[in-house]
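To start, the structure under review is shown below, and the notes come after it.
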Amino acid sequence: MVKIVAKQPLNQTALLELELLLDPSNVDFSQTKPTGFTAEADDVRIEVKGSGFKYVPILDLPQDGTISRIKVFFSEEIAYTLDGVDAGIQSLASAPDIEAAIRKILSGKDQFYGSSGDDVFAGGGKNDKLVGRGGDDTLYGGSGRDELDGGVGADTLDGGGGKDTYVFKAPPNSGIDTIVKFQSGELIKLAKAHFTGLSKGQLPAGQFVEGTEAKDGNDRLIYDPSSGAIYHDRDGTGSAAQVQFAVILDDPGSFGAGNIFVI
């Protein structure tokens, strides 16, 4: 399992900077030890930790060893880290391109934690956990049974092909997240601490209603099938206004109380 933590907004272009580890052209290698090395080119610096590193004599180019941790810096500021990596230098070097090498690194049940900005991240084929945190993030789960949590902001959540879970731990007024497609058997999890009027566990059918507004004082979750909008209403037909926190773009008609779980 690889844990990726972004300190600056992360996207595919930022990940492609890992190519420094594959193509030694115009790359300066330093701090070459059996336990790691540093690679630098222009304003990018990558610090690598691991074991068993061996180097080409005189040139100090890495030719063997296993990577366990990667820290990437842009203009001397840390951009992101990867912990729990289990990738051999030779294995990565044999990849046909950098995208294939990244897939080798992110081949397990990986975790991604975004920055305070707008992150774009795609998981692999296993059961990944993707947390956007701040900013308007775009998270793509892939083919596994993934968990996607956009955090604060107006995020785009695409679980991909597996049966996924969409988590809302931020207050409902933190931004409207877009769920690209909600498939049968998937779940939405809501944090009791922020979604007032709910109890932990499966949402009771009596607290869910289809339409554009609450029908009685017990309704807490309102789903408008015509627009895909999902609202939270802390007091049903009381004086408090309902708050939209998500929208489903593609719903095959299976979304209901049985898909909502309170944590």
field: DSSP-defined beta bridges in segment 146-263 - what % are antiparallel, rounded to 5
entry: 35
- request: Please turn the phi angles of segment 65-76 into ³J(HN,Hα) values with the Karplus equation 6.51 cos²θ - 1.76 cosθ + 1.60 (θ = phi - 60°), one per residue in order, whole Hz, x for glycine and proline.
  value: x, 10, 8, 10, 8, 10, 10, 10, 10, 10, 6, 6
- request: Note down the accessible area of His232, probe 1.4 Å, to the nearest 10 Å².
  value: 10
- prompt: To the nearest 10 square angstrom, how much accessible area does Lys104 have with a 1.4 angstrom probe?
  reply: 80
query: Considering only DSSP beta bridges whose two residues both sit in segment 1-159, what percent are antiparallel, to the nearest 5?
result: 70
message: For Tyr55, Tyr140, give me the order by solvent-accessible area with a 1.4 Å probe, most accessible first, ignoring ligands, DNA and RNA.
response: Tyr140, Tyr55
- line: Reported to the nearest 10 Å², Lys7 has, with a 1.4 Å probe, an accessible area equal to 120
Spatial separation of Cα centroids for segment 152-226 and segment 8-61, in angstrom: 43
message: Can you give the local net charge around Asp60? Use residues other than it whose beta-carbon is closer than 14 angstrom to its beta-carbon, Lys and Arg +1, Asp and Glu -1.
response: -1
- prompt: Amide H of Phe112: which non-local residues (sequence gap of 5 or more, or other chain) have their own amide H closer than 5 Å, using H built in the peptide plane?
  reply: Ile4, Lys129, Leu130, Val131
task: Taking log10 I(q)/I(0) by the Debye sum over Cα atoms at q = 0.08, 0.09, 0.16, 0.17 Å⁻¹ as the quantity of interest, determine which of (i) -0.40, -0.49, -1.07, -1.16; (ii) -0.35, -0.45, -1.26, -1.36; (iii) -0.42, -0.54, -1.53, -1.60 was computed from the displayed structure.
output: (i)
field: Range in the chain, longest, excluding exposed GluC sites (Glu not before Pro) [loop by DSSP; at most 14 other beta-carbon atoms within 10 Å]
entry: 77-212
statement: So the FRET efficiency between Thr35 and Thr13, C-beta based with R0 = 35 Å and rounded to 0.05, is 0.75
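The values are calculated or read from the model by the stated rules, or taken from the named source; none is laboratory data. Model, not experiment: these values are computed from the prediction. A quick note on method: Cβ atoms are made from the backbone with ideal geometry, for glycine too, and the neighbour counts reach across all protein chains shown. Just the protein is used for accessible areas: all its heavy atoms, side chains included, with ligands, DNA and RNA removed. Shrake-Rupley method; radii C 1.70, N 1.55, O 1.52, S 1.80 Å.
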